[in-house]
Amino acid sequence: METGHVENTDTPLVFSLPGVNFRHFAGESDFPGMVAILAARFQAEKDERLSTLEDIRNQFANLANCDPARDYLFAESDGKMVGYASVTWELEEDTQDRVFFLTVNVFPDWEDKGLDGILLDWACAHAREIIAESPRPEQDKMDFFTMLSDQHQVALLELTGFSPVRYFFRMRRDLDTLPNDPLPKGIELLPITPRDYRALWDASVEAFKDEWGAVVPRESWYEEWLGHRYFQPLIWQIAWHQGKIVGMVLNYVDQLENEAYNRSRGYTESICVLREWRGKGVASALICRSLQMLKAMNMTEAALTVDTENPSGARGLYERLGFQPYRTLAAYRKILA
């Protein structure tokens, strides 16, 4: 039986898996293999979002609290990448606890061979190494997000000691008969210009502080956002009051995903309203205008993601506007002593 050995780590790990070698990041030459694995998971419906080479490049250009040379692990068989895992961390906004975010992606046909379990074991062990190097008085947590429909991954997480702590619905609706809620008095819709991008970003950061799992924002996220293919300001809906941004829906259309699924979908995402304007109909008016705009763009459906326990009642609003759940995303967590 061949074994894979992880080189260049403070605590080398030896894994037994026939025909597999493990290594750390080799540079941009790894990006195509990562895209291929994500595409295979997409095709197997274990994930729903496509990632492109440019997406991966943009992500790596703006990493924070993550050194690819140390915090990524890649698995190869016959010179081909067959899986990878990563570890990064952030500070929770309200508790200041450190949260480690683990990812594991493998080709679906490698799941039955146990590769994802090995990579998850490495990610958990590596998070503990980081904790040992810089212990803090606050609590440390490990989070892993997965689709509930991915029963293999759910079973693996539960076997490893993770438990579900939060659920998110992926919701959609057809663009046939559309609602038309009015704008609140004093609110106007204005286009966004490049000089306003930072103000918009800052407003979204402030609005999302109340969300479950909100973490302290980093400047690199702003740069990543500016460079992402979902950054489509021409189709955003922005609410202004006396020259200040008070709410937004940052719509986008993923043409690659639409072609892969043979559909015409637009996303109404990053829906948020500043605290003082909540409960006044700003969000519903912006969503209604987003739906009308997407229909005018020849989209036939709209989709979004919502925290099922959102404290501002977002789920109820989306259901009233015709969105219905079709998939569930779960946040699994493990507390580290």
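Every number in this text was worked out from the coordinates using simple rules, so none of it is lab data. Only a predicted model underlies this, so the values are computations on that prediction, with no experimental measurement involved. Here the Cβ is made from the backbone with ideal geometry for all residues, glycine too, and neighbour counts use every protein chain on show.
Can you work out the Karplus-derived ³J(HN,Hα) for every residue in the stretch 33-45? Use 6.51 cos²θ - 1.76 cosθ + 1.60 with θ = phi - 60°, whole Hz, and x for glycine or proline.
x, 5, 4, 5, 5, 5, 5, 5, 5, 4, 5, 7, 6
Sorting Leu294, Leu329, Leu226 on the 10 Å Cβ count, fewest up front, what's the list? Spell out each step's value before the answer.
Working: Leu294 23, Leu329 19, Leu226 14.
Fewest-to-most ranking of Leu294, Leu329, Leu226: Leu226, Leu329, Leu294.
Along the stretch 266-282, what does the Karplus equation 6.51 cos²θ - 1.76 cosθ + 1.60 (θ = phi - 60°) give for ³J(HN,Hα), rounded to whole Hz, x for Gly and Pro?
x, 9, 9, 10, 6, 7, 7, 9, 5, 3, 5, 10, 6, x, 10, x, 5
Counting Lys and Arg as +1 and Asp and Glu as -1, each charge on the Cβ, what is the dipole of the chain about the Cα centre in debye, to the nearest 20? Walk me through the intermediate numbers first.
On the way: 35 positive and 52 negative charges, 263 e Å.
It comes to approximately 1260 debye.
Would you kindly derive the ³J(HN,Hα) couplings of the stretch 288-303 from the backbone phi angles with the Karplus curve 6.51 cos²θ - 1.76 cosθ + 1.60 (θ = phi - 60°), listing them in order in whole Hz, with x for Gly and Pro?
Calculated HN-Hα couplings, in order: 4, 5, 5, 4, 5, 5, 4, 5, 5, 8, 6, 6, 10, 8, 10, 9 Hz.
Based only on other Cβ atoms within 10 Å, what is the fewest-to-most ordering of Ser86, Ser220?
Final ranking by Cβ density, sparse to dense: Ser220, Ser86.
Under a plain spin-label model, where a point goes 7 Å from the Cα along Cα-to-Cβ, how far apart in nm are Asp210 and Thr308?
So the two model labels end up 2.2 nm from each other.
Pairs to check: Lys244/Lys295; Lys280/Lys334; Lys209/Lys280; Lys46/Lys334; Lys46/Lys141. Give those whose C-alpha atoms are more than 30 Å from each other in this structure. Don't jump to the answer; show the numbers that get you there.
Values: Lys244/Lys295 28 Å; Lys280/Lys334 38 Å; Lys209/Lys280 19 Å; Lys46/Lys334 22 Å; Lys46/Lys141 24 Å.
Beyond 30 Å between Cα atoms: Lys280/Lys334.
How big is the shadow of the Cα convex hull of the chain, averaged over all directions, in nm²? Write down the numbers at each step before the final one.
Details: hull surface 70.2 nm².
Over all viewing directions, the chain projects a mean Cα-hull area of 17.6 nm².
Let me see the P(r) profile for the stretch 170-326: every Cα-Cα distance counted, bins of 10 Å, each bin given as a percent of all pairs.
Taking every Cα pair in the stretch 170-326, the percentages come to 10, 41, 39, 10, 0.
Check which residues have an amide H placed less than 5 Å from Val246's amide H, if you skip close sequence neighbours.
Excluding prolines and chain starts, which carry no amide H, the hits are Ala239, Trp240, His241.
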